[in-house]
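Before any comments, here is the structure.
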């Protein structure tokens, strides 16, 4: 069975049906639908980071670089005055960002631990300053994307991206597929070696595996999906700006990941929702929301050692 | 003497000014158990680490089946069938014993870049892994998480993992370290079986085990080769007595 843990199955049975029905509850309230879409997109991004950090043991502080690149690549390759095909451009963006990840990963993965954190940060900052200083990409303000892609596939128009509800379902669908995708590769023979490289790289080398190659493959996969999330984000509001690839974005994603529970993959969704929920709550309570937000996160990290996902797992174990 | 599996020619390893290994020339033959003994710091583990590619030699050559292998990548040693176990238990603690061996077996079974095939749906691979566990007497522990089995059993698992890689040379670094008497006896029995099939290089402090198992013994002192010979020859050698056994009643 793909979803082995009870907590995981429980989460999926509650979360996805609930999210499917959400637009009915919200009854066309565009603000909340858009808000939820962007949380789903970010959850997808955090999930790709969880695969790197939690499953591969590769801690990066530069993952937002691919989030931003997803948007910028889309801006660069798409023609200005013509609606492009969504599926074709999804493919392009994943391939191009995978190619970039291959080169970056080749450099970055020679290091590990704290050095890897530093070098991923450095490379991400290089991209950040490149885009925020360049005139043709609109500097710190970023650029606008005026036309949304159309989504016909084999001549059938599937949905309309200008419609927030349609876009919401696209995000939900993407998130679900990403979850299943990660679960499949984690359960595969490839996943077996990835688990081995995380837990004991020395022994894995002694058994004859080229650890570097497996890490590189994982890095490329996670980066391509991170870029896909950025591509969705840029489509939602029709703009790309350098803050997408700033280190704060990477840092926020890491915090969400730790809140949700590292390595569980579905915890990424929990973490993103918990973080955004807290954010929303404190923001409406006080101007100094960051103070409370920070304290709440510190408390949660201390109390929930394995994140929210780990806590749910423990609860279910106790009951059974 | 049967076919030579591994040969070292003038092997040296220097750490700065320290000569951990100095000009070691040895041959290890197939289907023989060759022990390496010596006091602490004699360079036994360093030699093993060179033979399995963890360290690169400062100078000298290593030949496997008459081909030089000292410049190949560390993981390539295992692919040539040079498997090693570690002095400090070096397993995947959160995985089950069976999974530990399955990781080892999957290397030569292939398909490690298969993203879709579920890892637990390959009977051949799991069978190999299970067989390796049975060989070391851990068959009943296959579904137990490796961190939860006893220390002695972890040592057995360590050997099972090497066996699951289908090696031709076994480099065993103190497989009996920290084991109880009964567990040691089990490993000795196991090694007796294994040396009929494999070329084994054994580094071990338990001298009873070494004398019982070895076809050849090499004694090392301070990174230098002192003597190589049969059990009886080494036992009678006055230099060995002086350097190693004769320093007191203490047995290392």
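Among the residues of A:209-217, the average count of other protein chain beta-carbon atoms within 10 Å of the residue beta-carbon is 3. Compactness of region A:1-149 was expressed as the Cα radius of gyration divided by 2.2 N^0.38 Å, which yields 1.26.
An ellipsoid equivalent to region B:8-65, defined through the eigenvalues of its Cα gyration tensor, has semi-axes of 19, 14, 9 Å when rounded to whole angstrom and sorted largest first.
With a 10 Å Cβ neighbour count serving as the proxy for reagent exposure, in which order, fewest first, do A:256, B:207 appear?
B:207, A:256
Here the contact order of chain A, divided by its residue count and restricted to Cα pairs under 8 Å and six or more residues apart, works out to 33 percent. How big is D, in µm² s⁻¹, for region B:99-252 by Stokes-Einstein at 20 °C and 1.002 mPa s if Rh is the Kirkwood radius over C-alpha pairs? In µm²/s, the coefficient is 123. Take every pair of alpha-carbon atoms less than 8 Å apart whose residues are at least six positions apart; their mean separation over the length of chain B yields a relative contact order of 27 percent.
Over region A:111-189, the ratio between the Cα radius of gyration and 2.2 N^0.38 Å evaluates to 1.65. Computed from label points 7 Å out along Cα-Cβ, the spacing between residue B:222 and residue B:3 is 4.0 nm. No solvent, one uniform scatterer per C-alpha: report log10 I(q)/I(0) for region A:6-319 via the Debye equation at q = 0.08, 0.15 1/Å, two decimals. Log-scaled intensity ratios, in q order: -0.36, -1.32.
Axis of helix B:123-135 versus longest Cα principal axis of chain B: the two differ by about 40°, to the nearest ten degrees. So for the protein assembly as shown, Kirkwood radius off the Cα pairs, Stokes-Einstein at 10 °C and 1.306 mPa s: how many µm² s⁻¹? For the chosen part, D equals 59 µm²/s. For region A:266-296, backbone nitrogen atoms closer than 20 Å to the point 7 Å from residue B:147 Cα along Cα-to-C-beta are found at A:266-267. Restricting the calculation to Cα atoms, region A:65-212 shows an Rg/Rh of 1.04 when the hydrodynamic-style radius is the Kirkwood one. Counting only other chain Cβ atoms within 10 Å of each residue's Cβ, the peptide A:194-204 averages 5.
At q = 0.28 Å⁻¹, what is the base-10 log of I(q)/I(0) for region A:167-226 according to the Debye formula with one equal point scatterer per Cα and no solvent? Please give it to two decimals. Each listed q corresponds, in turn, to -1.15. Exposure proxy for A:115, A:32, A:51: other Cβ atoms within 10 Å of each Cβ, ordered fewest to most, give A:115, A:32, A:51.
By other beta-carbon atoms within 10 Å, ranking A:45, A:86, A:91 with the fewest at the front produces A:91, A:86, A:45.
When only Cα pairs below 8 angstrom with a gap of at least 6 residues are kept, region B:94-164 shows a relative contact order of 49 percent. A simple spin-label model places pseudo-atoms 7 Å from Cα toward Cβ; at residue A:141 and residue B:12 they are separated by 6.9 nm. Beta bridges per DSSP, both residues in chain B: antiparallel share near 55 percent.
Here region B:33-99 is described by how far its Cα atoms reach on the three principal axes: 40, 31, 24 Å, from widest to narrowest. Between region A:11-68 and region B:183-247, the C-alpha centres lie 61 angstrom from each other. Taken over region B:94-164, the convex hull of the Cα atoms encloses 76 Å³ per residue.
Rg/Rh for region A:162-291: what does it come to with C-alpha atoms and Rh from Kirkwood?
Here the Rg-to-Rh quotient is 1.04.
No value in this document is a laboratory result; all are computed from the given coordinates. None of the values given here were measured: they were computed from a predicted structure. With ideal geometry, Cβ positions are generated from the backbone for all residues, glycine too; neighbour counts draw on all protein chains shown.
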